[in-house]
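One structure is given here, and the rest of the page talks about it.
The values are calculated or read from the model by the stated rules, or taken from the named source; none is laboratory data. Keep in mind the model is a prediction, meaning the values are calculated, not measured. Cβ placement follows ideal geometry from the backbone for every residue including glycine, while neighbour counts extend to all protein chains displayed. Remember, those area values only see protein heavy atoms, side chains included, never the ligands or the DNA or RNA. Shrake-Rupley method; radii C 1.70, N 1.55, O 1.52, S 1.80 Å.
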Amino acid sequence: MLIGDVARHSGVSTRMLRHYDALGLVSPTGRTTGGYREYSADDLRRIFHVEGLRSLGLTLKQVRRALEDPAFTPSGLVGDLIEEAEARAARARELLDRLRVIETSAPDSWRDVLRVVELVRGLDSPTPARRQQAVLSRAEVADAPAELLANALLAEADPNVAGALHWALAHSGGDGVPTLAAGARSADPEVRRRAVRAIGELPDVPGTTALLADALADPDPQVGVQAALTLGARGAPEAVPHLVRAVVAGHNDVDAAEALGALSEDPAQAERITGELVDWLATADPAARIRLTQALVELSGPAARAALRALTADADPAVALVASALVAARGEGRG
């Protein structure tokens, strides 16, 4: 088979076939009656072998060794090729993410593009101070893509940088909610914690209350408590049992008690909240019973006052002492 026929059948250009021939990688071994060099069936198979190995990322030098050196084993090389391919894929994903961020920001000029690129590079810095500066030093931060800020926040471990990102995201509107919603479903509990906290600090935009309600059932206690605290601040009654359990468990119990107090300003909720706290008093351990007693003083309504007075005669001296002190302080402060 002549070179033109080989090119048509193999898909390898005649230029590349001549290059293989010049390197001695695949050379036609036959001759036509007219003296032209001709590729044999074995030559054609070798071309397909060369192309197959090249498709894996091997260089032509590595292809030659693979085909001709019996000591050249694939095990180590394939592992190296996998690492190289993964690195290339990671770089490609990073580039794609940056391009999507820029597209989302709807730039009007190349100056806008460069502004976003500068922010992206700053947020990628290994230095927390540099990442914080990237957020706070820009006068245009309010125009920064919310998706970019949300993704950065979900990955940010430094509390100072996270605080700056929370501020910037809150000023960017609700466009970051879909990204935070995805973070709230992450397999990583730390990412879920960051997502729920960020959702709670956003304005009460449509969809955020439903996301927080879903987070109440999160297997990570910190996620559930954070969602309950935010829902409690928004007056959502479904937060009550979760806030009560937070008091019992000692997870942000002071904040949880204050949130219950705010919810108890609604007379329709006050008696229910008091009842749940009292119910837990019957089975909780001594430390939890003291926290429940302290939570009762935050509540409004006659039921809470009556429950607290009853605890002044509790069989547990520590609980009785705490309740007596709280009743006395409440009497002095509120008449």
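Return yes or no: is ALA146 in contact with an Asp or Glu (Cβ under 6 Å, 6 or more places away or on another chain), open to solvent by less than 20 Å² (accessible area, probe 1.4 Å), of a type outside the set (Ser, Thr, Tyr) and modelled with pLDDT of 90 or more?
For ALA146, the condition - in contact with an Asp or Glu (Cβ under 6 Å, 6 or more places away or on another chain), open to solvent by less than 20 Å² (accessible area, probe 1.4 Å), of a type outside the set (Ser, Thr, Tyr) and modelled with pLDDT of 90 or more - is not met.
Take the residues in the stretch 295-319 that are under 46 Å from the mean Cα position of the chain (by Cα) and more than 20 Å from PRO267 (Cα to Cα); name whichever of them is surrounded by the most Cβ atoms within 10 Å (Cβ to Cβ).
By that ranking, first place goes to LEU311.
Mind listing whichever residues of the stretch 220-252 are surrounded by fewer than 20 Cβ atoms within 10 Å (Cβ to Cβ) and farther than 16 Å from ARG197 by Cα?
GLY235, ALA236, PRO237, GLU238, PRO241, ARG245, ALA249, GLY250
Is it the case that GLY163 is more than 24 Å from ARG100 (Cβ to Cβ), of a type outside the set (D, E, K, R) and outside any helix (DSSP H, G or I)?
Criteria not met by GLY163.
In the stretch 65-88, what count of residues is obtained for those that are part of a helix (DSSP H, G or I), closer than 21 Å to TYR20 by Cα and either β-branched (Val, Ile, Thr) or in contact with a helix residue (DSSP H, G or I) (Cβ under 8 Å, 6 or more places away or on another chain) (or both)?
Number satisfying all stated conditions: 2.
Among the residues of the stretch 171-181, what is the count of those that are open to solvent by 50 Å² or more (accessible area, probe 1.4 Å) and part of a helix (DSSP H, G or I)?
Residues in the stretch 171-181 being open to solvent by 50 Å² or more (accessible area, probe 1.4 Å) and part of a helix (DSSP H, G or I): 1 in total.
How about the stretch 203-219: which of its residues are surrounded by fewer than 23 Cβ atoms within 10 Å (Cβ to Cβ) and not β-branched (Val, Ile, Thr)?
Selection gives PRO203, ASP204, PRO206, GLY207, ALA210, LEU211, ALA213, ASP214, LEU216, ALA217, ASP218, PRO219.
For the stretch 158-170: of the residues being among the hydrophobic types (A, V, I, L, M, F, W, C) and within 16 Å of VAL196 (Cβ to Cβ), which is modelled with the lowest pLDDT?
The extreme case among them is ALA170.
Can you tell me how many residues within the stretch 68-110 are among the aliphatic types (A, V, I, L, M) and either open to solvent by 90 Å² or more (accessible area, probe 1.4 Å) or closer than 16 Å to LEU56 by Cα (or both)?
Of the residues in the stretch 68-110, 9 are among the aliphatic types (A, V, I, L, M) and either open to solvent by 90 Å² or more (accessible area, probe 1.4 Å) or closer than 16 Å to LEU56 by Cα (or both).
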